[in-house]
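Notes for the one structure printed next.
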Amino acid sequence: MALVPTTKLEAVNVCLTNIGEAPVTSLDSGLLVDAQVASDIVDEISREVQSVGWNFNTEVHTLSPDTDGFIHLPASTLRADTVQEDARFNLVVRGRRLFDKDNNTYVFSSTKKVELVLFLDFEELPEVARRLIALRAARTFQERQLGVDSLSAQNRDDERRAWAAMLDEEAASSDYNILTGSADVYRSVSRFVYQGGLI
């Protein structure tokens, strides 16, 4: 059988086997409690990891106001920031719309160039991201269900290696260039000052 990238089912089973539970064969309705908790944690960690903003889930779009002047964001938006010629505008995400902090309004009269960090389904992620999410979810699941320190230490070692692989992949796929894109490089690299756990 040919191997394929990690599926969400496999990520859930990594969580379950990490506490000695039997794997499940499907994520359809009717999951046992532990499997449902593991599935929820995989989703939670996926949002956490993707919220950092990586090359694979970051896109630049020109967004136009609707007839009321509102600029609506895609439902999957995790973060948004104006870029390029619109970088000077102090816009933030409120709900699913852009808000102009300087003018205290949701109403815009022109398009805005916006960098969006989007939440992707698990199966749309590159393998390095799937692996990191699976391992971090397994550690989180074990700590919440059992709280065994020796398992946590081993899980953290695996997670550190997955985090390093994720950073390597990001550097390779992003083509950072300090000579031609120093502002972009600074913003991209600075987001890797990880604030939630490992680094």
**Complete:** Within segment 14-36, residues being closer than 21 Å to GLU143 by Cβ and among the charged types (D, E, K, R) number 2
**Item:** Test set (1) without any contact (Cβ under 8 Å) to a residue 12 or more places away in the chain; (2) assigned by TED's automatic domain parsing to the domain that holds ASP40; (3) not aromatic (Phe, Trp, Tyr) - GLN142 fails condition number
**Value:** (1)
**Message:** Here is a list: LEU135, LEU179, LEU120, LEU98. Which entry is in a loop (DSSP other than H, G, I, E, B) and either at pLDDT below 95 or crowded, with 19+ Cβ neighbours inside 10 Å (or both)?
**Reply:** LEU179
**Asked** Being more than 17 Å from PRO65 (Cα to Cα) and touching a Leu at 6+ places or on another chain (Cβ under 9 Å), is that true of even one residue in segment 104-118?
**Response** yes
**Asked** Among the residues of segment 28-72, which ones are outside any strand (DSSP E or B) and among the polar types (S, T, N, Q)?
**Response** SER29, GLN36, SER39, SER46, GLN50, SER51, ASN55, ASN57, SER64, THR67
**Request:** Filter segment 14-67 down to residues that are closer than 30 Å to THR111 by Cα and free of Cβ contacts under 8 Å to residues at least 40 places away in the same chain and give me whichever is surrounded by the fewest Cβ atoms within 10 Å (Cβ to Cβ).
**Result:** THR67
**Asked** Can you find even one residue in segment 138-150 that is of a type in the set (Ser, Thr, Tyr), surrounded by fewer than 17 Cβ atoms within 10 Å (Cβ to Cβ) and within 21 Å of ALA75 (Cα to Cα)?
**Response** no
**Candidates VAL42, VAL114, VAL92 - the one that is in the same structural domain as LEU135 (by TED's automatic domain parsing) and either within 23 Å of ARG144 (Cα to Cα) or touching a strand residue (DSSP E or B) at 6+ places or on another chain (Cβ under 6 Å) (or both)** = VAL42
**Prompt:** Looking at this structure, is SER76 more than 30 Å from VAL42 (Cβ to Cβ) and small (Gly, Ala, Ser)?
**Reply:** no
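The values are calculated or read from the model by the stated rules, or taken from the named source; none is laboratory data. Quick caveat: nothing in here was measured; it's all calculated off a predicted structure. A quick note on method: Cβ atoms are made from the backbone with ideal geometry, for glycine too, and the neighbour counts reach across all protein chains shown.
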